[in-house]
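Beneath this line is the structure, given in structure tokens, with notes to follow.
The values are calculated or read from the model by the stated rules, or taken from the named source; none is laboratory data. In this text the structure is predicted, and so the values were computed from the model without any measurement. When we count neighbours, we look across all protein chains shown, and the Cβ atoms used for this are built from the backbone with ideal geometry, even at glycine. Only protein heavy atoms, including side chains, enter the accessible area calculation; ligands, DNA and RNA are left aside. Shrake-Rupley method; radii C 1.70, N 1.55, O 1.52, S 1.80 Å.
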Amino acid sequence: MATANIETAPWIITAVIRPPDPNAPPMKRPPSSRTIARLHEKTEAEARNAAAASALARQLQPGLRAPADRLFAVDAGALLLRGPMGGIGSAERMVRTLEPLAAGGRHLPAVLVGAGGWHDEEALREALAGLGPKLAVLGLRICRRKAGLRMAKSKPGRAAS
């Protein structure tokens, strides 16, 4: 077998790779499939949250505000939560749970666990986290401190917790 000359052999392709320009901006890489999926999930979650917030805002009854001397009130008979923005319906268990907070002041979580009939503080914490968006529509939030829980005005631009 004869040796072929690399310069003249037609089946051998020679490629010259030049070094990149050091002054050129770095190459922008396309996003990975995981990044694209994460962004897609994030936009879907934002759309779901916006739809849920819109649905809660439609349930708000502006005429059922809390009394003038109170920030928050509970109407156990009508199963209503009343805040500065209006009133909204809620489950009987949540109304019973929030009754001590309507009286004002800070209350230990054990008081709210007993009032609502929850198993433990973890169950109460999960229930209050689920109630956060509804309270945000009312213009309220639950303030958690070592001294206890209390109802407070929601801060503008802050997400419901």
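Ordering of 52-59, 129-136 by packing is 129-136, 52-59, highest average first (other Cβ atoms within 10 Å, averaged per residue). For the chain, a crude dipole built from +1 on the beta carbon of Lys and Arg and -1 on the beta carbon of Asp and Glu, taken about the Cα centre, is about 640 debye to the nearest 20.
Toward the positive end of the charge dipole of the chain, with +1 on the Cβ of Lys and Arg and -1 on the Cβ of Asp and Glu, the farthest Cα among Asn23, Pro100, Ala127 is that of Pro100. Which one is right for this structure if Rg/Rh (Cα atoms, Kirkwood Rh) is calculated from it: (1) 1.77; (2) 0.97; (3) 1.49? So the calculated entry is the one marked (3). The share of accessible area on the chain that comes from carbon and sulfur is 58 percent, using a 1.4 angstrom probe.
Rolling a 1.4 Å probe across the protein heavy atoms gives segment 1-160 an accessible surface of 72 Å² per residue. So for the chain, taking the charge dipole from beta-carbon charges (+1 Lys/Arg, -1 Asp/Glu), which of Ala68, Ile13, Leu80 sits furthest toward the positive end? Selected residue: Ala68. The label point for Asp69 and the one for Thr43, both projected 7 Å from the Cα toward the Cβ, are 5.4 nm apart. When the Gaussian network model of the chain links Cα atoms closer than 10 Å, the mean-square fluctuations of Asp120, Asp21, Asp75 top out at Asp21.
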